[in-house]
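J.: There's a structure below that I have some questions on.
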Amino acid sequence: MTGELLRVMVCSPVNAGWNDPSRTEVWQELGFQRVPDFARAKREHEIFCALLRERGAEVVVLPASDFLTLDAVYAHDASLATDLGLLLMNPGKKSRRPEAAAHASFCSQLGIPVLGEIVTPGISESGDIVWLDAQTLLIGQGFRTNRSGIGQIRALLSFEIKPGRPSRKIEVLSARLPYGAGPSACLHLMSLMSMLDERTMLVDLPWLTVDTVELLKARGFRFIEIEPSERETLACNVLSLGHKRLVAIEENSKTNQRLRDAGFEVATFPGSALCINGGGGPTCLTRPLMRG
């Protein structure tokens, strides 16, 4: 999650239907704070994509589809990229389940095969999945990803990776998530932590369980804590581009300064309409497909 970002899939507000009154009228059901501001969100997304391109990433755009909802702009959640192909999620938020098929169809055109998919009764969203390293996944168990989903991911990733390196299986660990604001809210594991480099995490420490903190510390991670007053504006959701370069929401100025003080380069973009309204930060806006 912290290698150089080379290729990334996004979904624009246009393709997610933010300009379609028949889709925006259900904004409350989808958990948005207010009616989406299409023009402002579109501009914010354009600035975000420009930042990615300027820093060397190839940006590909998920095509529009009648099956996509406003949430599709948060392209991270419906699939997980692995060395052997795309793992399709079965989102806990039912309205998002068609997104997985859309990811599979588009990525097949890019030459990316499907490794497998999570099926009911399993539910899973990639916002709950953190690669601690190339061989270890930490998956949050909560309202959006359940025990069955985690078990299916573990089974699908039980292959041995052989080409060019010793045979090793991917280890899948689980971390229980807090109740938080309840099942209607979007609380992912990545709401509480972001990988910054191979040994540094941005964390919302009071919201992590003791077991999770002890697991991460035992693996040698150091923590940078967010500014608590910026929790509701998604301060903990930061995208790593590799080489100590990050992309963050500009509204979280105090947390961003902590990251700069720790030696990271932080590029920012306005995220009030695009991110904060719908509860999805910079990482949520991307489905990384290739890292160096």
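The values are calculated or read from the model by the stated rules, or taken from the named source; none is laboratory data. As the structure is a prediction and not an experimental result, all values here were calculated from the model. Because the Cβ atoms are built from the backbone with ideal geometry, glycine has one as well, and the counts that use them run over all protein chains shown.
J.: Which ranges mark the strands (runs of 3 or more DSSP E) fully within segment 189-251 that have 1 or more residues being polar (S, T, N, Q) and in contact (Cβ under 8 Å) with a residue 24 or more places away in the chain?
T.: Where strands (runs of 3 or more DSSP E) fall fully within segment 189-251 and carry at least 1 residues being polar (S, T, N, Q) and in contact (Cβ under 8 Å) with a residue 24 or more places away in the chain, they are 193-197, 200-203, 239-242.
J.: Right, here's the next one. Considering only segment 11-42, how many residues are among the aliphatic types (A, V, I, L, M), within 19 Å of His103 (Cβ to Cβ) and buried (at least 22 other Cβ atoms within 10 Å of the Cβ)?
T.: The qualifying residues number 1.
So that you can scan it fast, the table gives a plain yes or no per residue for (1) closer than 27 Å to Thr268 by Cβ; (2) in contact with an Asp or Glu (Cβ under 8 Å, 6 or more places away or on another chain); (3) hydroxyl-bearing (Ser, Thr, Tyr):
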site: Trp27; (1), (2), (3): yes, no, no
site: Val35; (1), (2), (3): yes, no, no
site: Leu51; (1), (2), (3): yes, no, no
site: Ala64; (1), (2), (3): no, no, no
site: Pro91; (1), (2), (3): no, yes, no
site: Ser95; (1), (2), (3): no, yes, yes
site: Phe106; (1), (2), (3): no, no, no
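J.: Another question about this same structure. Which residues, counting only those in segment 183-224, are within 22 Å of Asn252 (Cβ to Cβ) and of a type in the set (Asp, Glu)?
T.: Selection gives Asp197, Asp204.
J.: Applying the selection to segment 208-245, what residues are of a type outside the set (A, V, I, L, M), over 19 Å from Leu132 (Cα atoms) and touching a Lys or Arg at 6+ places or on another chain (Cβ under 9 Å)?
T.: Glu227, Ser229, Glu230
J.: Check Asn252 against each of (1) buried (at least 23 other Cβ atoms within 10 Å of the Cβ); (2) within 17 Å of the chain's Cα centre (by Cα) and name the one condition it does not meet.
T.: The number of the failed condition is (2).
So that you can scan it fast, the table gives a plain yes or no per residue for (1) loosely packed, with under 13 Cβ neighbours inside 10 Å; (2) over 25 Å from Met290 (Cβ atoms):
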site	(1), (2)
Glu117	no, no
Ser148	no, yes
Arg154	no, no
Tyr179	yes, yes
Met190	no, no
Thr209	no, yes
Leu216	no, yes
Ile224	no, yes
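J.: What is the residue count in segment 267-292 for residues that are in contact (Cβ under 8 Å) with a residue 24 or more places away in the chain and either of a type in the set (Lys, Arg) or over 14 Å from Ser191 (Cα atoms) (or both)?
T.: Adding up the residues that qualify gives 15.
J.: Could you please give the count of residues in segment 64-112 that are touching a Ser or Thr at 6+ places or on another chain (Cβ under 8 Å), buried (at least 21 other Cβ atoms within 10 Å of the Cβ) and farther than 28 Å from Val35 by Cβ?
T.: So the answer is 7.
J.: Restrict the check to segment 157-177 and report whether at least one residue is within 16 Å of the chain's Cα centre (by Cα) and part of a strand (DSSP E or B).
T.: No, that holds for no residue.
J.: Could you check, for segment 8-24, whether at least one of its residues is free of Cβ contacts under 8 Å to residues at least 24 places away in the same chain and polar (S, T, N, Q)?
T.: yes
J.: Only one of (1) among the acidic types (Asp, Glu); (2) exposed (fewer than 12 other Cβ atoms within 10 Å of the Cβ); (3) at pLDDT 95 or above is not met by Glu160, so which one is it?
T.: The one condition Glu160 does not meet is (3).
J.: Within segment 43-58, restricting attention to residues that are over 20 Å from Lys244 (Cα atoms) and within 19 Å of the chain's Cα centre (by Cα), which residue is surrounded by the most Cβ atoms within 10 Å (Cβ to Cβ)?
T.: Among those residues, the one meeting the criterion is His45.
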